[in-house]
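Reviewing the structure listed below.
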Amino acid sequence: MKLIQLTILCFGLLSMMVSCSPEANNSKEFSIDTVLTASGPLFEGSNTCQAEISSNIAEYIKENGISKEQIVDITLKSAAASIDTSNLNLVESINLQVFSDNFPMQNVAFANVEEGSQIVQLEVADVQEQLKAILFDGKSYIIADATIKEDLDDDLNLPMNLNFSINYHK
């Protein structure tokens with residue numbers, strides 16, 4: 001009988017500890033404006049534009065008094081690409097991915113580019129696993145596989161606005 005009571009007590013205490021674990025009770029959104037670049041010459045088809053973003057995130061959390069340990073998760077909320085008028089009808093699609101040295105690439109957004117579009121709103125992926133781990137793993141990068149319709153001798157620059165949400169506890 002004592003064994004059953006002790007087991008019930010231990011189970012009760014364990015479930016209280018788990019239910020009282022810190023959850024995200026705060027959320028902040030932040031933006032990163034960056035330019036993803038693919039160095040020319042480029043060929044028809046998929047070409048990779050890249051930029052490092054880890055320093056932007058580290059600066060933001062430092063300025064807002066948030067530690068890495070307090071962060072529960074980070075999600076990409078929206079992404080928009082600007083297309084230079086000289087490349088207006090050149091880009092067919094954009095597949096946005098993040099990665100770091102220790103984590104593989106993860107798709108985070110995609111868009112088919114309509115002809116004549118100067119601003120392209122990307123559709124953000126529903127599932128964004130390990131985004132926090134990727135963004136805080138030394139150097140993290142964002143890349144855009146931009147599918148172009150024809151060869152290009154120049155660089156392809158994709159100015160990008162990325163909006164993230166940080167969920168954390170204090």
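Net length available on complete extension from residue 161 to residue 118 is 14.2 nm, with 0.36 nm assigned per residue and the Cα-Cα distance removed.
Legend: ranking of residues 101, 84 from fewest to most surrounding C-beta atoms inside 10 Å; resulting order 101, 84. Give the calculated FRET efficiency between residue 52 and residue 87 to the nearest 0.05, with a Förster radius of 30 Å applied to their Cβ-Cβ distance. Efficiency at R0 = 30 Å is approximately 0.85. Residues 160, 105, ranked from the fewest to the most other C-beta atoms within 10 Å, line up as 105, 160. Over every Cα atom in the range 74-170, the radius of gyration and the widest Cα-Cα span, Dmax, amount to 14.5, 51 Å. The slack in the chain from residue 153 to residue 137, taken as 0.36 nm per residue of separation less the alpha-carbon distance, amounts to 2.3 nm.
Counted by Cβ distance under 14 Å from residue 114, the other residues give a net charge of -2, where Lys and Arg count +1 and Asp and Glu count -1. Remark: relative contact order (the chain) = 41 percent; criterion is Cα-Cα distance under 8 angstrom and separation of 6 or more residues. For the chain, the number of Lys pairs separated by eight or more positions or lying on different chains, with C-alpha atoms closer than 28 Å, is 19. 3J(HN,Hα) couplings calculated from phi for the range 66-74 with the Karplus curve 6.51 cos²θ - 1.76 cosθ + 1.60 (θ = phi - 60°) are, in sequence order, 10, 9, 4, 5, 7, 6, 8, 7, 10 Hz; Gly and Pro show x. Note on residue 80 and residue 130: the extension gain reaches 15.8 nm, defined as 0.36 nm multiplied by sequence separation minus the Cα-Cα distance. What base-10 log of the normalised intensity I(q)/I(0) is obtained for the chain from the Debye formula, alpha carbons as equal point scatterers, at q = 0.09, 0.10 Å⁻¹? For the chain at q = 0.09, 0.10 Å⁻¹, log10 I(q)/I(0) is -0.40, -0.47.
Taken together, the values in this text are just the output of simple stated rules run on the coordinates, not laboratory data. Bear in mind the structure is a predicted one, so any value in this text is a computation, not a measurement. A quick note on method: Cβ atoms are made from the backbone with ideal geometry, for glycine too, and the neighbour counts reach across all protein chains shown.
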